[in-house]
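Engineer: Sending over a structure as structure tokens; questions will come in a sec.
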Amino acid sequence: MSFNTFGHMFRVTTWGESHGPALGATVDGCPPNVPVDEAMLQHWMDMRKPGQNKYTTQRREPDQVRILSGVFEGRTTGTPVQLMIENTDQRSKDYSDIAEKFRPGHADITYWQKYGIRDPRGGGRSSARETAARVAAGGLARAALAVLAPNVQIIGYMVQMGPLAIDRTRFDLDEVSRNPFWVPDAVAAREWATYLDGLRKSGSSVGAVVEVVARGLPAGLGAPVYGKLDTDLAAAMMSINAVKGVEIGEGMGAAVLTGEENADEISMGPDGPVFSSNHAGGILGGISTGQDVVVRFAVKPTSSILTPRKTITKSGEDTEIITKGRHDPCVGIRAVPVGEAMMACVLLDHLLLHRGQVGDAGGRIG
């Protein structure tokens, strides 16, 4: 299988399957002398790992990350960094019933049609377990950003679960760490808990919308026409398992705005340009403006559910399927740290590209 690598200068290649002995990432292009150790990366891994509460899959994986190369005495050497996470709680027998059947809404059928072989145990490479490797790589990207662009902050949270959306008038980032849904709205967190409890007990699932914001980013990252920052961000978020839609800034909502409403007016402030609004999501012409970069992505419902669904077998016979095993009733919950990790990787990549091509040569205002 090809195309397991993303990035231009900061390049991440993920490897491994859901029920294999291990999975991980090989990261090439990380700058040297970045302070990093396994404990720093583990902080981010613990935010994504399964089994932390009743609203996520009960698969018990410690997601312990190991650094196998590219770091000496706590600092990166500039050579490839190999990151490995062992799988310790596989229950492959849960998938014996689906070896000959295709789960509706899952990649089973397309993997079979493309390759003529597939690993039915947890979905193999199509499993959301693959995202553990992305979070490990994202932790490394965050460590490098802390050195090269220390003002950058990346924060993700859920803004919608199924039909239930947050109330932006109650928006409180402090609430994100106080509930299992990463939601910045205490009232919504309570409502979502009741709603998801019902779905979880019925064996069903639901989708979600995740928002990821990067603050403190310098202006000038990204390039026209095919190297746009928003192009790479959209591709990165779209590559996350179960993501079916991505928006930058106002996104689809821009279609209903007039030109007067959509234009982010500019004035001169004491420290440079000031924008009256941020409909553009911090990116104009593919290049960062210095405002918050705002990305949202929609995650579909988990395909593995207990409700019988019609499908076919590999031999073409009609049948029904019920997916047993341990699955997330709302995979969007654990997609939050994954979205943050992908944001970190893309931003570091574009920061390195910018430094390589432009350096300090940029237009001054004022």
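The values are calculated or read from the model by the stated rules, or taken from the named source; none is laboratory data. Small disclaimer: the values here were computed from a predicted structure and weren't measured. Quick reminder, even Gly has a Cβ in these numbers, built from the backbone with ideal geometry, and neighbours come from all protein chains shown. Please note that ligands, DNA and RNA were not included when accessible areas were found on the heavy atoms of the full protein model with its side chains. Shrake-Rupley method; radii C 1.70, N 1.55, O 1.52, S 1.80 Å.
Engineer: Compute the FRET efficiency between VAL256 and ASP167 as 1/(1 + (r/R0)^6), taking r as their Cβ-Cβ distance and R0 = 35 Å, and round to the nearest 0.05.
Structural biologist: Result of the calculation: an efficiency of 0.95.
Engineer: If R₀ is 22 angstrom, what is the calculated FRET efficiency for the pair ASP271 and ASP174, using the beta carbon separation as r and rounding to 0.05?
Structural biologist: Step by step, r from the Cβ atoms, then E = 0.25.
Engineer: A further question on this structure: Which sequence of ASP264, ASP292 reflects their accessible areas, 1.4 Å probe, from the largest down?
Structural biologist: Putting ASP264, ASP292 in descending order of accessible area: ASP292, ASP264.
Engineer: Report, to the nearest 10°, how far helix 229-238 tilts away from the longest principal axis of the Cα atoms in the chain, using its own Cα long axis and a range of 0 to 90°.
Structural biologist: 10
Engineer: Within region 251-271, find all residues whose amide N lies under 14 Å from a label point positioned 7 Å from the Cα of ILE365 along Cα-to-beta-carbon.
Structural biologist: Inside the label zone: 264-271.
Engineer: What longest range of the chain stays clear of loop-exposed GluC sites (Glu not before Pro) (DSSP non-H/G/I/E/B, at most 11 other C-beta within 10 angstrom)?
Structural biologist: 74-264
Engineer: Of all the stretches in the chain, which is the longest one without any exposed loop site, taking trypsin sites (Lys or Arg not before Pro) in a DSSP loop (any state but H, G, I, E, B) with at most 16 other Cβ atoms within 10 Å?
Structural biologist: That would be 92-313.
Engineer: At a Förster distance of 25 Å, what's the computed FRET efficiency of ASN278 paired with VAL147, Cβ-Cβ distance as r, to 0.05?
Structural biologist: Given R0 = 25 Å and the Cβ-Cβ separation, E is 0.40.
Engineer: What do you get for the angle between helix 186-202 and the principal long axis of the chain? Use alpha-carbon atoms, 0 to 90 degrees, nearest ten.
Structural biologist: That helix lies at roughly 20 degrees to the long axis.
Engineer: How much accessible area per residue does region 220-351 have, counting only protein heavy atoms and a probe of 1.4 Å, in square angstrom?
Structural biologist: Here the per-residue accessible area is 45 Å².
Engineer: Under a straight-distance cross-link criterion of Cα-Cα below 28 Å, which lysines are reachable from LYS201, leaving out those fewer than 8 residues away in the same chain?
Structural biologist: LYS49, LYS54, LYS93, LYS101, LYS244, LYS300, LYS310, LYS324
Engineer: Considering only protein heavy atoms and a 1.4 Å probe, what is the carbon-and-sulfur percentage of the accessible area of the chain?
Structural biologist: Accessible surface attributable to carbon and sulfur in the chain totals 54 percent.
Engineer: Another question about this same structure. For PHE3 and GLU191 in the same chain, what is the full-extension length gain: residue separation times 0.36 nm, less their Cα-Cα distance, in nm?
Structural biologist: Taking 0.36 nm per residue and subtracting the Cα distance, the gain is 63.6 nm.
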